[in-house]
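What follows is a single structure, written as structure tokens, with notes after it.
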Amino acid sequence: MSRISACIFDLDGVIVDTAKYHYIAWKKLANDLGFDFSEQENEQLKGISRMASLDILLKIGKIKLSDQEKEILATQKNDYYLSFIKEIGPEEILPGAKDFLIAAKSEGLKIALGSASKNAMLILQRLELVDCFDVIIDGTKVFKAKPDPEVFLRGAQELGVNPDNCVVFEDAESGVEAAIKGGMKVIGIGDSKILHKSNLVVSGLHEMALSKLQAL
Ligand code: B16
Ligand code: MG
């Protein structure tokens, strides 16, 4: 094996395709506020916290609100999102994700979740994946949103592994930047044009093999 001894996984867009539900929840909120919101604009929201996402959305809609009004809208967006993920189950795990988690663990690699989502635990429970992770760091445990590396550094610290020996799996540009700032290797999941700063880009975890970690 390479010097990689731990894998840190983002959740939305890497393990499960909840990114599409985040998008339609934000779009519904934008429509409530009287403007439209494209999939391209949504790229800016991927991986970042709920409130930071709302600030970007309001900027796109040229709307200024008080903190109190923003709290109400953030709750509304989350209610939409929760209604969309109500029926989510193990069948929504992205192709190859569970197999790769199991393979990495059986190879002796430590496994952490590093997600900005405050709903991460609920989703992992619904996907029946909680036991796959040695450490779970989510939006309830960190203060600084990606591209700040806090979420990944906290994961490495709780795993007891040096950042240098960690590889992060990320689908968002902000997450790739966070991993690099944290001094970690990063494998982009998705579009190589968007994730070009990654050490390697694959279309999904079904394309991953442990042997690819050696070449990082
Ligand atoms: P919540 P990740 C992120 O999760 C999403 O990519 C991002 O779109 C979302 O705004 C953020 O979680 C916060 O989610 O509203 O559920 O707390 O990609 O870091 O797993
Ligand atoms: Mg993501």
Query raised in the report: Of these, K105, K46, which one is in contact (Cβ under 8 Å) with a residue 40 or more places away in the chain and surrounded by 15 or more Cβ atoms within 10 Å (Cβ to Cβ)?
Result: K46
Report task. With respect to K197, determine if the residue is at pLDDT 95 or above and within 22 Å of G108 (Cα to Cα). Result -> no
Query raised in the report: Has region 55-72 got any residue that is touching a residue at least 12 places away in the same chain (Cβ under 8 Å), within 16 Å of ligand 2 (Cβ to nearest atom) and not aromatic (F, W, Y)?
Result: yes
**Report entry** Close pairs (7 angstrom Cβ cut-off, 6 or more residues apart or separate chains): outside the structural domain of D55 (by TED's automatic domain parsing) and among the aromatic types (F, W, Y) in region 136-158, within 15 Å of ligand 2 (Cβ to nearest atom) and not in a helix (DSSP H, G or I) anywhere
**Finding:** F152/I8; F152/G114; F152/V168
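The values are calculated or read from the model by the stated rules, or taken from the named source; none is laboratory data. Given the structure is predicted, the values throughout are model-derived calculations rather than measurements. Cβ: placed from backbone, ideal geometry, glycine included. Neighbour counts: every protein chain shown.
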